[in-house]
């Protein structure tokens, strides 16, 4: 049950687009900074396979310039 | 306690968010996630209680969410004009430290080398008896108290009353000596009145912010975010003038680097340019300024029992102009490493009558062996141009601790201070004696030990009893390589009041368990003269007790009960109302308690129901009564002073044996010595240990790579830290930098205990070291 947090940097002028794209993904929670073009993204998936699939999806988002992972937690199903 | 799966996953998600926010805060100066603060707040029936943040001198307003007697959330107070609902990572996470497993919950008394859990009343008996017997055997100057700019106003007040009024010794000093004493001495010598004339609203008006040796993005992040907002919204410019490239430099419009100690020369060069180019505000100077000079070649305080008194002499404007000729940009550029072009650039900003300029500084200028001079020089620039005491125009000395102003400076917990004025002044002693109801003869007229000298006296065996409150000197003092063994000696009985164990409590004979911030009522005073009150929000664990009440209990046990007639339930209110009498009058009137309870802080002087935002300006300040537009009423003739202060070198400079400058400081994740923030998991994880920063060229020349263990050695001691290259900050070539928050990697074993002879504030920013791989 991986939970990970990332810092996401949008391409120039694409902040709103990126917030929108990420918010539409069920596994993602998006927290935009008030005064900076930076987003915090928290992902919650059921297993490693779903996590890998989500990562692939994230990489195809056109408005995303860079995604860097900050923390990762992997809890068991019963945890 | 049962925790549901949903709650546990939700907690883990919250930790993931906090980690990301902390990482973002360390990379992007002033970044704010205000809406997340609202979203992250747990559901439920929370009661929100207002107060100031526990940490820095900005004095952000916080709201603490309390449920079933427990503090479970913190958010920025939207009603506070300081932070307008914003908080930094430290502020947001602050209450998490109270859950630390090693919290001091009961008194501990050392018996046969082992700490024994002891009822608080018994421990206070031991403290009082020991203090009393020490005075009987060795005299009243054998006992000392060392308090804090993090002590509340009532805590500082009762400490001063006990030591100076009841016992009759001036052996009281505080850790604000390590951070703000040069600012105080600068204010008093230039204006005759302490604390900034402006306020944070200056940020909304200034065209330029010039920061002098001040990494605001990490040390005053909420103010920096306000500056960035003005930069983005209306094009205000930020100029960073420093010895090291920091997060602040990176977010500024321009970064100018200077050779350590040469800020003195550059400030004089700016004044030279202002005079030489005809940018002096002649009318302002004629009406409101005197010129003076003091002694030069004044020493560095490296010897025990060092004494110095300045001898001011009046000079003319012409004399001053002649003095400035040694500081042409061309001459200063040769040793400051600041280009002629950049010196002229800075001078032109200050000299332009159509540009509003605020100068900000903090430790870089204060922790300086010529700290008082440097503060004077800063004022010279603003006084020559008349850019002072107006919205968006002024010099602004930022403070480090949450109540360095409110407690250390206003209550006066320095050896020379009284709640109003100084011990050397007969009228001030008389006022204190009247309010305290003690014979005036009780209050000695001579200051005794400033901080460095106090711990030297402990080491020498002259002080035989010391009680520290709300501070951790064995991590924060310079040259701890001397003062730690000094405090370990049997010749001194050591009492430490604190919330958590620290290296200082490790050497204590008695450890008293203190209440944390929101577990007691209190008042703090921030950088902009804002007094902030809070009511107790939650119960502390075990026998934890407010520091003020422990002082009162000891005073009663020593036979001074009549002087401390306060009640346990209402002592904060009773003490504040007594203290307020000291500051009656338009120059320093404090707001009534009922107003402070209602408002998110109130700026003094509070006159006729209104805060005075810009002092000394007749348009805003009702205390101005000279009939002119400005009145510097701290001085008898109502005029401020432009001081002739030269450049003098640091006491120790790099040489063949010790080829690097060592600079020390703080990081955004940790509050000072880390005793609280290192117990907040997300902050500790983000910055788990100290490090030594190198310029990449120096690292390359020495074959040093990131993370390698490096031994840093000075003439006083050494410590080993991992190398950091191109990470948080970038020192100039020939300089290394280390943060001091880490009690396991003690950089202060290496630093020098030289200090400004006027303010007695040590210089933590400059000494010579060598570095080697281990």
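The values are calculated or read from the model by the stated rules, or taken from the named source; none is laboratory data. Since the model is a prediction, treat every value here as computed from it, not as a measurement. Don't worry about glycine lacking a Cβ; one is built from the backbone with ideal geometry, like all the others, and counts go over all protein chains shown.
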- Query: Based on what the data block shows, is residue B:194 surrounded by fewer than 24 Cβ atoms within 10 Å (Cβ to Cβ) and modelled with pLDDT of 95 or more?
  - Reply: yes
- Task: Say whether the condition of being touching a strand residue (DSSP E or B) at 6+ places or on another chain (Cβ under 6 Å), buried (at least 23 other Cβ atoms within 10 Å of the Cβ) and under 23 Å from residue B:124 (Cβ atoms) is met by at least one residue in region B:469-480.
- Result: yes
- Query: Condition test on residue B:597, is it in a helix (DSSP H, G or I), over 30 Å from residue B:475 (Cα atoms) and either free of Cβ contacts under 8 Å to residues at least 24 places away in the same chain or touching a strand residue (DSSP E or B) at 6+ places or on another chain (Cβ under 7 Å) (or both)?
  - Reply: yes
- Tally time: how many residues in region A:18-42 are more than 9 Å from chain B (Cβ to nearest Cβ) and touching a strand residue (DSSP E or B) at 6+ places or on another chain (Cβ under 7 Å)? 9
- Restricting attention to region B:230-247, which residues are more than 12 Å from chain A (Cβ to nearest Cβ) and surrounded by fewer than 22 Cβ atoms within 10 Å (Cβ to Cβ)? B:234, B:235, B:237, B:239, B:245
- Task: Name, by its number, the condition in (1) crowded, with 17+ Cβ neighbours inside 10 Å; (2) within 12 Å of chain B (Cβ to nearest Cβ); (3) out of contact with any helix residue (DSSP H, G or I) (no Cβ under 9 Å at 6 or more places or on another chain) that does not hold for residue A:54.
- Result: (2)
- Item | Some residue of region A:59-74 being out of contact with any helix residue (DSSP H, G or I) (no Cβ under 8 Å at 6 or more places or on another chain), facing chain B (nearest Cβ under 10 Å) and either at pLDDT 90 or above or over 15 Å from residue B:14 (Cα atoms) (or both) | yes
- Within the bounds of region B:35-57, is there any residue that is in a helix (DSSP H, G or I), within 14 Å of chain A (Cβ to nearest Cβ), modelled with pLDDT under 90 and crowded, with 23+ Cβ neighbours inside 10 Å? no
- Message: Tell me the residue from B:227, B:250 that is in a helix (DSSP H, G or I) and either touching a helix residue (DSSP H, G or I) at 6+ places or on another chain (Cβ under 7 Å) or away from chain A (no Cβ under 14 Å) (or both), please.
- Response: B:227
- Within region B:481-505, which residues are surrounded by 23 or more Cβ atoms within 10 Å (Cβ to Cβ) and under 18 Å from residue B:678 (Cβ atoms)? B:496, B:499, B:502, B:504, B:505
- Which condition number in (1) surrounded by fewer than 17 Cβ atoms within 10 Å (Cβ to Cβ); (2) touching a residue at least 24 places away in the same chain (Cβ under 8 Å); (3) over 28 Å from the mean Cα position of the chain (by Cα); (4) closer than 25 Å to residue B:54 by Cα is the one that residue B:105 fails? (3)
- Item | Residue, nearest to residue B:102 (Cα to Cα), within region B:491-505, restricted to residues that are more than 21 Å from the chain's Cα centre (by Cα) and not in a loop (DSSP other than H, G, I, E, B) | B:505
